[in-house]
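Taking it in order: structure first as structure tokens, then the write-up.
The values are calculated or read from the model by the stated rules, or taken from the named source; none is laboratory data. Everything numeric here is computed off the predicted structure, so don't read it as measured data. All Cβ positions, glycine included, derive from the backbone under ideal geometry; neighbour counts span all protein chains shown. The accessibility values were calculated without ligands, DNA or RNA, using every heavy atom of the protein model including side chains. Shrake-Rupley method; radii C 1.70, N 1.55, O 1.52, S 1.80 Å.
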Amino acid sequence: MSSVIKKVLPMLDRILIMRAEVKTTTAGGILLPEDSMPKEMQGVVVAVGPGARNPAGAGHLPVAVKEGDRVLLPKYGGTKVDMDDKREYVLFRESDILAKLE
């Protein structure tokens, strides 16, 4: 994890995810143009906020994912975050994440 990512701490139930890179070649070795490739719907959790506020009292509700978990993402949504490296980072709410992959 780079030093830039360590400076980003998501608020409440938001989760910073690094999208998995899309494969640019087929199994046969054919190069695919970037415009024809769909977004990768998987990612790795990079940073996690403390969780949503507890409506019953003080504190926060725990978040179901932790740093390093692989998750399944929706095709659309999230807030794109630009970092210094060339990877794609997106902020999602915990409720927007579809599944946790094992």
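For the range 37-83, a tally of residues being within 10 Å of the chain's Cα centre (by Cα), at pLDDT below 90 and of a type in the set (Gly, Ala, Ser) returns 1.
Of note, residue 86 satisfies the criterion of being of a type in the set (Lys, Arg) and at pLDDT below 85. The residues of the range 55-85 that are open to solvent by 40 Å² or more (accessible area, probe 1.4 Å), farther than 18 Å from residue 12 by Cα and not in a loop (DSSP other than H, G, I, E, B), listed by number, are 70, 72.
Evaluate the range 42-54: report whether one residue or more is farther than 17 Å from residue 11 by Cβ, open to solvent by less than 100 Å² (accessible area, probe 1.4 Å) and either among the aromatic types (Phe, Trp, Tyr) or in contact with a Leu (Cβ under 7 Å, 6 or more places away or on another chain) (or both). Looking for residues that are farther than 17 Å from residue 11 by Cβ, open to solvent by less than 100 Å² (accessible area, probe 1.4 Å) and either among the aromatic types (Phe, Trp, Tyr) or in contact with a Leu (Cβ under 7 Å, 6 or more places away or on another chain) (or both), one finds at least one in the range 42-54, hence yes. Is it fair to say residue 4 is at pLDDT below 75, open to solvent by less than 70 Å² (accessible area, probe 1.4 Å) and not in a loop (DSSP other than H, G, I, E, B)? Yes, satisfied.
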